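Contents: one structure, followed by commentary.
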C-alpha cells in the first residue's frame, strides 16, 4: 500500500516544490493551504506523514501538530516540520508539540526525500 503524505504550507510554490520533489517516489500526495484544512484532511485521509509549515496565517504549525498528536484518530501520524525558522528554540518547541523531525527551508529535494523515507521506513 502506498504511503500517504499531506503537504501543508500557505505558499503554493512551496507545496509545489515539495510535491515535485516527492512525486516520483510513489507516495500518495495531498495538499492543504492552511492549518484548518490540514486538520480536516488529516482526519479524513489519515496520512502516514504530514509535512507541515510552522508559520501560517490561521493556525501555526505548532498548534496543528499539537492537535494532531492529541487526537485519538490522528496521534499516530508522523509530523515533519518544514520551516524557515532555524533557531534551536524553534526545533525544541517542535519536539515539545510532538513533531517527529525538522527540516529548514530552503531545502534540497534529495534531503527532503531522504528525511521522508527515513521517517516512513521505506
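The values are calculated or read from the model by the stated rules, or taken from the named source; none is laboratory data. Model, not experiment: these values are computed from the prediction. Because the Cβ atoms are built from the backbone with ideal geometry, glycine has one as well, and the counts that use them run over all protein chains shown.
Given (1) part of a loop (DSSP other than H, G, I, E, B); (2) under 11 Å from the mean Cα position of the chain (by Cα); (3) at pLDDT 95 or above, where does residue 80 come up short, assuming only one miss?
Single failed check for residue 80: (1).
Restricting segment 43-63 to residues that are in contact (Cβ under 8 Å) with a residue 40 or more places away in the chain and under 23 Å from residue 2 (Cβ atoms), which is nearest to the chain's Cα centre (by Cα)?
Among them, the one singled out is 51.
Can you tell me which residues in segment 12-42 are touching a residue at least 12 places away in the same chain (Cβ under 8 Å) and surrounded by fewer than 13 Cβ atoms within 10 Å (Cβ to Cβ)?
12, 20, 26
Identify, from the list 93, 56, the residue that is more than 24 Å from residue 121 (Cβ to Cβ) and assigned to a helix (DSSP H, G or I).
93 is the lone residue from the list that is more than 24 Å from residue 121 (Cβ to Cβ) and assigned to a helix (DSSP H, G or I).
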